């Protein structure tokens, strides 16, 4: 599934073949499209288009090129459009100092006006920023609450700007130019920012990606942007499509979120197994306290799967680089299931890895590592701190202050029985990576 989060299907460039363009988008796997207003009239047309197609949604707003002509009745009209159930955002609004079709002083004043309108309507915002980075950030920081969210459309800034926007609660939208041969700077930003904060778009009919550059853009071409992001980030196309679609669904409230937890879930070329949501730590940084989703997968289980269910879902393990026991809890709480599934995976020619907090010997009150010999090819153990006091504070293990030494012992013992042993640490300011490397 793909979501084109920014297109202008209401524009005259599509008047002769709009239905065919929309059909091609669906055939290319585009599940939803957000069509974006840039004037009062195009906002009206966007709403009409969204009303016609159940998979098209609308955003309403006035582009910075047009704001010199705004009169206050325009805001009242947009408020009326916003009552339509298919309107999911306010935009495209912002600043454009490249063309300056409207004077800068008008742009800044009207940008603030429309941010206040969006805030009153409780809609996320879609921001246009061209050669106006500093003023855009300044105005957003003064006018926009983090909890309402928004997206920087067709991101063209640097890494520092992207990180600042993410801190402010914004998503970063990547368009066709990421495919251009000379767009190394943009690809570097894509490589470094978390995909959990990323959307994809076409900005059709503009910004056509490289394979069709020079031609009119259309939503079907969003696939090429997703493919480039996958290449840059070392993810699969399916990963990028799933995660960016999930991000768009969350921001705009469109589509149906998966409501049942998955027991297996692919990321890159690995298949992860979600055995349990129980854990012997209550880590302060753990994502499971903030969301049910990881990389677009719902991992909140209603019930724990059996070994038979897991084996059935795995199928042929050789399809994957490795089968990983991980999920939303500590897999070695279910040691017997791990052993049964791992044995079958190995019998079928697969590779097995376990991601663990290293508490298994405390949980089962014995050294379990000899039982994993021959079943597990690799284990990744969360060390997470350079001393027991810090470990206890950030991991909050149920076994208390002595847990840290037990984890270090687990890592040492694992090296005797498992070929590939890795100690991992969480990225927190108080964690000393060099000290942890020496301990591991």
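Summary of values
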read-out	value
Some residue of region 402-422 being closer than 20 Å to residue 353 by Cβ, in a loop (DSSP other than H, G, I, E, B), in the same structural domain as residue 342 (by TED's automatic domain parsing) and within 31 Å of the chain's Cα centre (by Cα)	no
Check on residue 92, surrounded by fewer than 21 Cβ atoms within 10 Å (Cβ to Cβ), under 25 Å from residue 33 (Cβ atoms) and within 25 Å of the chain's Cα centre (by Cα)	no
Some residue of region 7-29 being surrounded by 15 or more Cβ atoms within 10 Å (Cβ to Cβ), closer than 19 Å to residue 153 by Cβ and either free of Cβ contacts under 8 Å to residues at least 40 places away in the same chain or not assigned by TED's automatic domain parsing to the domain that holds residue 133 (or both)	yes
First in region 194-205 and modelled with pLDDT of 95 or more, second anywhere and in a loop (DSSP other than H, G, I, E, B), Cβ under 6 Å, 6 or more apart	201/175; 202/217; 203/154; 203/175; 204/217; 204/218; 205/216; 205/217
Qualifying helices (runs of 4 or more DSSP H) (wholly inside region 217-318; at least 1 residues being within 20 Å of the chain's Cα centre (by Cα) and within 29 Å of residue 178 (Cα to Cα))	222-233, 237-252
Of the criteria (1) touching a helix residue (DSSP H, G or I) at 6+ places or on another chain (Cβ under 7 Å); (2) more than 22 Å from residue 28 (Cα to Cα); (3) not in a helix (DSSP H, G or I), which one residue 161 fails	(3)
Which listed residue, of 383, 428, is more than 29 Å from residue 344 (Cβ to Cβ), assigned by TED's automatic domain parsing to the domain that holds residue 326, in contact with a helix residue (DSSP H, G or I) (Cβ under 7 Å, 6 or more places away or on another chain) and exposed (fewer than 14 other Cβ atoms within 10 Å of the Cβ)	428
Residue list for region 290-340, restricted to those being surrounded by fewer than 21 Cβ atoms within 10 Å (Cβ to Cβ), at pLDDT below 95 and touching a strand residue (DSSP E or B) at 6+ places or on another chain (Cβ under 7 Å)	292, 295
Condition check for residue 166: assigned by TED's automatic domain parsing to the domain that holds residue 230, farther than 24 Å from residue 245 by Cα and surrounded by fewer than 23 Cβ atoms within 10 Å (Cβ to Cβ)	no
Residue list for region 75-106, filter: part of a helix (DSSP H, G or I) and more than 27 Å from residue 248 (Cβ to Cβ)	76, 104, 105, 106
Meets criteria (assigned to a loop (DSSP other than H, G, I, E, B) and in contact (Cβ under 8 Å) with a residue 40 or more places away in the chain) for residue 430	yes
Exclusive hit being surrounded by fewer than 24 Cβ atoms within 10 Å (Cβ to Cβ), within 27 Å of the chain's Cα centre (by Cα) and free of Cβ contacts under 8 Å to residues at least 60 places away in the same chain, set 139, 77, 105	139
Subset of region 128-157 [in contact with a helix residue (DSSP H, G or I) (Cβ under 7 Å, 6 or more places away or on another chain) and either closer than 11 Å to residue 94 by Cα or part of a loop (DSSP other than H, G, I, E, B) (or both)]	128, 129, 133, 135, 137, 139, 144, 145, 149, 152, 155, 157
Check on residue 259, touching a helix residue (DSSP H, G or I) at 6+ places or on another chain (Cβ under 9 Å), farther than 30 Å from residue 403 by Cα and touching a residue at least 12 places away in the same chain (Cβ under 8 Å)	no
Which numbered condition residue 68 misses (of (1) at pLDDT 95 or above; (2) assigned to a helix (DSSP H, G or I); (3) surrounded by fewer than 18 Cβ atoms within 10 Å (Cβ to Cβ))	(1)
Of residues in region 54-65 being within 23 Å of residue 22 (Cβ to Cβ) and in contact (Cβ under 8 Å) with a residue 24 or more places away in the chain, the one surrounded by the most Cβ atoms within 10 Å (Cβ to Cβ)	60
Residue within region 343-356 that is assigned by TED's automatic domain parsing to the domain that holds residue 289, farther than 14 Å from residue 325 by Cβ and touching a residue at least 60 places away in the same chain (Cβ under 8 Å) present	no
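To keep it simple, each residue is scored yes or no on (1) touching a helix residue (DSSP H, G or I) at 6+ places or on another chain (Cβ under 9 Å); (2) in a helix (DSSP H, G or I); (3) at pLDDT 95 or above.
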| residue | (1), (2), (3) |
| --- | --- |
| 4 | yes, no, yes |
| 16 | no, no, yes |
| 21 | yes, yes, yes |
| 32 | yes, no, yes |
| 35 | yes, no, yes |
| 38 | yes, no, yes |
| 41 | no, yes, yes |
| 46 | yes, yes, yes |
| 50 | no, yes, yes |
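Quick grid of which residues meet (1) farther than 25 Å from residue 234 by Cα; (2) in contact with a strand residue (DSSP E or B) (Cβ under 6 Å, 6 or more places away or on another chain):
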{"site": "138", "(1), (2)": "yes, no"}
{"site": "154", "(1), (2)": "no, no"}
{"site": "195", "(1), (2)": "no, no"}
{"site": "204", "(1), (2)": "yes, yes"}
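The values are calculated or read from the model by the stated rules, or taken from the named source; none is laboratory data. Computed from a predicted model, the values in this text were never measured in an experiment. Positions of Cβ are backbone-derived with ideal geometry, glycine not excepted, and every protein chain shown enters the neighbour counts.
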